[in-house]
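The values are calculated or read from the model by the stated rules, or taken from the named source; none is laboratory data. The model shown is predicted, which means the values in this text are computed figures rather than measured ones. Reconstructed Cβ throughout: ideal geometry from the backbone, glycine too, with neighbour counts over all protein chains shown.
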Amino acid sequence: METKQYSVKVFEATIADESEFIAFFDKNYLFFQHHLISIHGVVNAAIENYLKNKNLKYITNVELPKTKNRQNVEKEFEEKKELAKETAPEPQEVVEKIQDNLKVIDTLVRSGQELKIAGDLLLLNRVNSGGSVNIEGNLIITQLVEGSIRCNGNFMMIKASPKANIVFHDVEVDNAYLKERLNRVELKNNKIIITPVLKETSWE
Amino acid sequence: MISGKGGVGKTTTTANIGLGVALNEKKCVVVDFDIGQRNLDMILGLENRVVFDVVQVMDEEVGLKQALIKSKMSPNLFFLAASQTKDKSVLDSKKILKLVTTLSEEFDFVILDAPAGIESGYEHTIEFADRAIVVVNPEVSSIRDADRAIGILDSKSQKVKDGGEVMKYLIINRIDPKMVQSGEMLSSEDILDILSIPLLGKIPEDRGIVDASNQGKPIILDSNSAAGRAYSRIAARICGEQVAIENVEMPENNFMQKIKEMFK
């Protein structure tokens, strides 16, 4: 058996009125010409003809599997927090803000280079001696750090990096506590908590 | 040819590779871009033949043909000297572009020897580079300076500004096998991890290099020298031959040592 996996962009639409539907697609054709159209409702002959002429691929009345999007995750998060507030006698006030401006960078930060980012950063390469990373949001670096890190986010995750200079919320982090393959550094009640992440990633 | 830090053997490497490439039947010109501190002429044994320099060529005071010095060691090797009286402030982008364009039309390889440091002289040398060879010593300060020089190359060269990439190749110079084995020197693997550029070759520490430089006879001409042979292999690689990377970290008399140890 031969199988293939694709990622496709899907545009979902519900037909209420035939002319409105066609007018909408005419207007936005440029956006949707490479999308798969998922239509709910009745596709009549006119619409079928229109889609065929425009060479738009479509499926009808299919419930697509959906992954959790950011809004849902945030909503869930808020709900859980509300729940925790109600149940806990003394709710801990930690202002949590999910920044939705995550940057992913896979080039290495060389000596003399500085990465300055207002949001979150996932860095998939090294920070060399003399290089610096300055982040207002959350930070994950998957490779060795030998330069300097400034992070003011809720947390950062960093490999054991004996030569790095790491400052988290204006407090210098002692490298001796960063022992594991990945360590989570957080600020809780004005205390810096470092938790080793011991679990190996596995793909099953 | 860049290094960031001075004294790592950049000029020696330029001379040897230039000659090595020429000995492989490729027409090659080496240009000393260390304006105000010329050295390459001595290492190539051409110091008493320098009449005109590269700055005079760029200022169109003399023709290129007049200033090019043909080496006696290979008919394919030519040399353009740096000015010893002027300083790097005389360099001008337009003039450099004109010079390197003219040279690349006539030669298979145009090698510019960059000055140490990362100032304007360095930036001008790398401005129109197609490729860069990075020379380092296996020690942390050399690696960090090279890292910085690569960073500047990656942001300030014309090719990068046009959306391309300048390919970089690494030469690790002055490897002392004993010090690497005892862990005092950085291993090649560590250096490659830090700099993340492909390895072009490894040169072992060789006492003969000082003498070769003093005499103006590049060590590549001495086939008894380990460093000379390493330069030959690098030159062959540059000319497109597939030559395996040698393991210079292991002493060459390793086999004999093992036998000796057996009888201890």
Candidates A:74, A:79, A:2, filtered to the one that is surrounded by fewer than 10 Cβ atoms within 10 Å (Cβ to Cβ), modelled with pLDDT under 85 and of a type outside the set (Gly, Ala, Ser):
A:2
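Hey, among the residues in the range B:127-148 that are within 14 Å of chain A (Cβ to nearest Cβ) and in contact with a helix residue (DSSP H, G or I) (Cβ under 7 Å, 6 or more places away or on another chain), which one's farthest from residue A:127 (Cα to Cα)?
B:132
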Somewhere in the range B:182-199, is a residue within 22 Å of residue B:219 (Cβ to Cβ), more than 12 Å from chain A (Cβ to nearest Cβ), in contact with a Leu (Cβ under 6 Å, 6 or more places away or on another chain) and not β-branched (Val, Ile, Thr)?
yes
I need the full set of residues from the range A:175-195 which are in contact with a helix residue (DSSP H, G or I) (Cβ under 7 Å, 6 or more places away or on another chain) and in a loop (DSSP other than H, G, I, E, B), in order please.
none
Could you grab me the full set of residues in the range A:34-56 that are under 29 Å from the mean Cα position of the chain (by Cα) and surrounded by 12 or more Cβ atoms within 10 Å (Cβ to Cβ)?
A:35, A:36, A:37, A:38, A:39
Does residue B:161 satisfy the condition of being more than 14 Å from chain A (Cβ to nearest Cβ) and more than 21 Å from residue B:13 (Cβ to Cβ)?
yes
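Yes/no matrix, rows are residues, columns are (1) crowded, with 18+ Cβ neighbours inside 10 Å; (2) of a type in the set (S, T, N, Q):
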| residue | (1), (2) |
| --- | --- |
| B:151 | yes, no |
| B:158 | no, yes |
| B:161 | no, no |
| B:167 | no, no |
| B:170 | yes, no |
| B:189 | no, no |
| B:200 | yes, no |
| B:211 | no, no |
Across (1) surrounded by fewer than 17 Cβ atoms within 10 Å (Cβ to Cβ); (2) in contact with a Leu (Cβ under 9 Å, 6 or more places away or on another chain), residue B:92 clears everything bar (2)
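Give the range A:127-150 a look and list any residue that's more than 14 Å from the chain's Cα centre (by Cα) and crowded, with 24+ Cβ neighbours inside 10 Å, or say none.
Within the range A:127-150, A:127, A:128, A:131, A:133, A:141, A:145, A:147, A:149 meet the criteria.
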